[in-house]
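Peer 1: Before we start, here is the structure in question, set down as structure tokens.
Nothing in this text is a laboratory measurement; each read-out follows from the coordinates by a stated rule. All values reported here derive from a predicted model rather than from experimental measurement. Don't worry about glycine lacking a Cβ; one is built from the backbone with ideal geometry, like all the others, and counts go over all protein chains shown.
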Amino acid sequence: MAYYNENTVLWLDGQLVKASEAKTDLYGQSLHYGYAVFEGIRSYRTAAGTTKIFKPVEHYVRLQRSAAAMNMPLNYSAEDLIAATYEVLAKNNLQDAYIRPIVYAPANMSFNLNTESYTAIQTWEMAPFLGDKLLRVMTSSFQRPNPKGFKIEAKASGHYVNSILASQEAKGKGFDEALLTDMNGHVAEGPGANVFFEKDGKLFTPATGNILPGITRATVLEICRELDIPVEEGHFTTRDLSQADAAFFCGTAAEVIGWQSLDDHAFPTPWKDTLSRQIQQAYKDKVIEKQTELVTI
Ligand code: PMP
């Protein structure tokens with residue numbers, strides 16, 4: 001995948017610089033120890049034709065919280081970062097895009113605090129997900145990190161070694177994606193997405209505490225309220241999930257994506273007949289600011 005070409009520009013601490021000329025330090029604490037924080041954001045071409053970043057304040061506030069949780073200085077307001085992001089999108093001529101801000105540490109081989117950090121914002125084209133593919137998911141042999149060992153609610157780079165291991169394991173065994181449990185064996189989340197399941201007209205999702213509280217997860221909860229769909233946050237087992245009518249992952253990049261199966265269990269209800277499918281449609285409409293037409297099933 002080509003993330004950039006010779007014309008691409010990125011934002012680096014207030015400057016627009018060519019992606020092909022931007023440099024990072026090989027002695028950086030972030031590269032060696034995974035000590036950095038980042039965000040994953042999307043922008044869309046709206047139904048009206050404008051370019052809109054979806055929930056930019058929520059994402060940049062989470063970046064600030066992630067940086068604070070990691071004791072990293074971050075000297076930009078959410079407002080500054082949103083304005084910078086629109087500038088990068090415009091310079092790169094992008095509407096449907098993935099936006100990757102990262103706050104990283106200077107050269108430092110010790111574990112000591114830094115008095116400064118760098119902030120970059122990169123963008124590349126990403127079309128909205130069409131939503132007809134269903135995932136074959138595998139229960140991972142890896143668990144999510146213990147929240148007593150990590151600031152699990154921060155989007156910190158180092159946490160993603162766990163995600164990479166789980167995702168590579170699942171794909172290596174012929175599945176599309178992994179489902180990870182938490183340190184207590186309860187369903188937690190995917191490597192880069194939260195999980196919901198549906199049973200008898202109701203939605204269920206793992207409570208916060210052992211997961212990244214996703215902005216898409218919050219949007220799905222919002223949609224459930226709007227569509228009058230009951231939803232319960234709690235602690236669930238993979239057995240609960242196997243007995244569900246349907247399940248889906250949700251995240252900024254994944255949007256809302258249904259499951260075909262978990263391990264050797266296929267979900268019985270056709271995706272098109274599920275409440276989950278209605279939520280998927282409502283999400284697709286919301287991100288492009290299109291009025292949702294309610295279809296009853
Ligand atoms: N969990 C993990 C581990 C993630 O990496 C992501 C993606 N940021 C999510 C959940 C979903 O979060 P969001 O909806 O904010 O993208």
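Peer 1: Assuming 0.36 nm per residue, please report the length gained on full extension of the stretch ARG239 to GLU169 beyond their Cα-Cα distance. Walk me through the numbers on the way to the answer.
Peer 2: Working: separation 70, 0.36 × 70 = 25.20 nm, distance 2.07 nm.
That works out to 23.1 nm of additional length.
Peer 1: Measure off 7 Å from each Cα along the Cα-to-Cβ vector at MET1 and PHE111, then give the distance between these two points in nanometres to one decimal.
Peer 2: Taking the two extended label points, one gets 3.3 nm.
Peer 1: Taking springs between alpha-carbon atoms closer than 10 angstrom, which of PHE175, PHE111, PHE197 fluctuates most in the Gaussian network model of the chain?
Peer 2: PHE111
Peer 1: Next question. Given that compact globular proteins tend to follow 2.2 N^0.38 Å, what is the ratio of the alpha-carbon Rg of segment 167-297 to that value?
Peer 2: Details: Rg = 14.1 Å, N = 131, 2.2 N^0.38 = 14.0 Å.
So the Cα radius of gyration is 1.00 times the expected 2.2 N^0.38 Å.
Peer 1: Quote the charge dipole size of segment 160-297 about the Cα centre in Debye, to the nearest 20; the model charges only the Cβ of Lys and Arg (+1) and of Asp and Glu (-1).
Peer 2: Numbers: 12 positive and 21 negative charges, 36 e Å.
About 180 debye.
Peer 1: What pairs from LYS148/LYS171; LYS148/LYS286; LYS151/LYS272; LYS55/LYS199; LYS52/LYS148; LYS23/LYS286 go past 32 Å between their alpha carbons? Let's see the in-between values first.
Peer 2: Working: LYS148/LYS171 29 Å; LYS148/LYS286 36 Å; LYS151/LYS272 38 Å; LYS55/LYS199 29 Å; LYS52/LYS148 37 Å; LYS23/LYS286 37 Å.
The pairs that break the limit, which is 32 Å between Cα atoms, are LYS148/LYS286; LYS151/LYS272; LYS52/LYS148; LYS23/LYS286.
Peer 1: Considering only segment 119-234, what is the antiparallel percent among its DSSP beta bridges, to the nearest 5?
Peer 2: Once the DSSP bridges in segment 119-234 are tallied, antiparallel ones form about 40 percent.
Peer 1: At a temperature of 37 °C and a viscosity of 0.692 mPa s, determine how fast segment 224-297 diffuses translationally according to Stokes-Einstein, using the Kirkwood radius over alpha-carbon pairs as Rh; express D in µm²/s, rounded to the nearest whole number. Kindly include the intermediate steps, with their values, before the conclusion.
Peer 2: Numbers: Rh = 13.5 Å.
Translational D for this selection: 242 µm²/s.
Peer 1: Using modelled amide H (1.01 Å from N, peptide plane; none on Pro or chain starts), what sits under 5 Å from the amide H of PHE267, excluding residues fewer than 5 places away?
Peer 2: SER261, LEU262
Peer 1: What's the longest bit of the chain with no exposed GluC sites (Glu not before Pro), using DSSP loop states and at most 13 other Cβ atoms within 10 Å as the test?
Peer 2: Working: sites that count: GLU6, GLU21, GLU116, GLU289, GLU293.
After excluding every exposed loop site, the longest remaining stretch is 117-288.
Peer 1: Tell me, what is the FRET efficiency for GLU232 and ALA78 to the nearest 0.05, using R0 = 25 angstrom and their Cβ-Cβ distance as r?
Peer 2: Details: r = 31 Å, r/R0 = 1.25.
The computed FRET efficiency comes out at 0.20.
Peer 1: Would you look at the GNM of the chain, springs on alpha carbons closer than 10 Å, and say which of ALA48, ALA246, ALA90 moves the most?
Peer 2: ALA48
Peer 1: More than 19 angstrom separation, counting every C-alpha pair in segment 181-229; what % is that?
Peer 2: Working: 310 of 1176 pairs.
Beyond 19 Å sits 26 percent of the P(r) for segment 181-229.
Peer 1: Sticking with this structure for a sec: Based on the Cα coordinates of segment 58-212, what is the per residue volume of their convex hull in Å³?
Peer 2: Enclosed volume per residue, from the Cα hull, is 165 Å³.
Peer 1: Based on the Cα coordinates of the chain, what is the per residue volume of their convex hull in Å³?
Peer 2: Numbers: hull volume 39.6 nm³, N = 297.
Once divided by residue count, the hull of the chain is 133 Å³.
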